[in-house]
Amino acid sequence: MRNTLRTFMLLAALTALFVGVGYMLGGPAGMAIAFVLAAGMNLVSYWNADKIVLRMYRAQPVDATHPNALVRNYVSDVLEMADKAGLPRPAVYVIENPQPNAFATGRDPAHAAVAATTGLLSMLDRREIRGVMGHELAHVKHRDTLTMTVTATIAGAISALANIAFFMGGNRERTGGLIGTIAIAILAPMAAALVQMAISRGREYEADKGGAEISGDPQALASALQKIEAYARGVVNEDAERNPATSHMFIINPLSGKGADNLFSTHPATRNRVEALMKLAGGGGGGWTARAEAPRRAAGTAVPLTGARQGPWS
């Protein structure tokens, strides 16, 4: 019920922003058009936002018959953990991208999907992949995915509309005219981003905790976060750069990998997340270091290390 209320408040806030930009573009008529568009977008986002996001990243569905051993183990572990958590089995996807990352989407647990990049499957060992996907299943269990996916869709539309306002000059006859339009073109995307940040960071901590419980291995998730943090800084995710409004959906910020826990970060600092996980595991948190060296699979791992973007992913 609490998540439903937060989702409603979020949609109301983003709709108000969208309508405000519409007013700056076309006055009362622009506001009315923007309101109708926003209402339609809310409906489309509710029913289809997951499909839109998966299409943005050209995610491909996979199952336990996939020819690649990494993918087969990934699918098997996701389904096993979903069963363990009492969740409906989600659709499982792979994204052809060298940056290690993952996200979950869908309007509810019965219509959920999880996606991991080929970079994540190649760079992490099986325990760490389980830890990451446990985190994503926790988002599904907490019903975060609807809010996160709808936010991505509408925030992206607000940014696009604000850009139109900037280049068209808005309704110059209205009080404030061009100056007001420029202001809204700058402030509207910032306000949408702040809404994203406000809802994202707290949910990441909760998903880390829930993911550790689902996978039963908080140390593995902590290790995975360190590796992803180190590699995300040096690997450009071009699809995420083209769709920055979706950045809060990923387990680690795909745009920058910044380490500061501040107002303008969509994710908590990785150091803080690792420390919380190590405390959960009873191991403290003082030994955190971002791993800059190439990750190696632990001895005894069921599948061998495969280079990024290699193997029959599709």
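Read the figures in this text as sums done on the coordinates, not as results from a lab. As the structure is a computational prediction, the values presented were derived from the model and not from experiment. With ideal geometry, Cβ positions are generated from the backbone for all residues, glycine too; neighbour counts draw on all protein chains shown.
Brief remarks follow.
- Too-long pairs where the Cα-Cα distance tops 20 Å, listed order kept, from Lys84/Lys141; Lys84/Lys209; Lys84/Lys227: Lys84/Lys227
- The local environment of Ala49, defined by Cβ-Cβ distances under 15 Å, has a net charge of +1 under the rule Lys, Arg +1 and Asp, Glu -1.
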